[in-house]
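Since every read-out is calculated from the coordinates, none of them should be taken as a lab result. Only a predicted model underlies this, so the values are computations on that prediction, with no experimental measurement involved. FYI the Cβ positions are ideal-geometry reconstructions off the backbone, even for glycines, and counts take in every protein chain you see.
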Amino acid sequence: QVQLVESGGGLVQAGGSLRVSCAASGRTFSTYVAGWFRQAAGKEREFVAAISGSGGVTYYADSLKGRFTISRDNAENAVYLQMNSLKPEDTAVYYCAAGRTTEALRRSSYDYWGQGTQVTVSS
């Protein structure tokens, strides 16, 4: 069982940066793929980025490559998403997820989800 708690969301101006964090419970967190998804108002939840259990492999949504960076610290049971050059269209609730999956981009392959953290980018 894994519990996930996101933090670090907030209001930022376009062009700014923000880092959101996900704190995980459980001694086996390093065996889980961790992912970030986001859901804008009225839209489907979409994949943002994922990272393997060891942190050696990362995946990104094509549209976000170069602006967003996912990382993890297994000693701290934490996953991070660094977001740079933010745009108003990045406004969404950002969710952390974890799963023992070989399909890191697929939302349904994750077993555990956090409650989300709101990121708002003003123009």
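Values as computed for the structure displayed
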{"read-out": "Note, ³J(HN,Hα) from phi for region 45-54, Karplus 6.51, -1.76, 1.60, rounded to Hz, x at Gly and Pro", "value": "6, 10, 5, 10, 6, 8, 9, 5, x, 7"}
{"read-out": "FRET efficiency, 1/(1 + (r/R0)^6) with R0 22 Å, evaluated for V5 and R45 via beta carbons", "value": "0.75"}
{"read-out": "Computed lengthening from S109 to S63, 0.36 nm per intervening residue step minus Cα-Cα distance", "value": "14.4 nm"}
{"read-out": "Cleavage-rule hits (trypsin sites (Lys or Arg not before Pro)) in region 48-113: DSSP loop, at most 15 neighbouring Cβ within 10 angstrom", "value": "K65, R67, R100, R106"}
{"read-out": "Whole-Å semi-axes of the ellipsoid equivalent to the chain (Cα gyration tensor, √5λ, descending)", "value": "23, 14, 13"}
{"read-out": "Region 53-95, Cα convex hull volume normalised per residue, Å³", "value": "88"}
{"read-out": "Gain in span if fully extended, S30 to N74, counting 0.36 nm per residue against the direct Cα distance", "value": "15.3 nm"}
{"read-out": "Cβ-placed point charges (K, R +1; D, E -1), dipole of the chain about Cα centre in debye, nearest 20", "value": "60"}
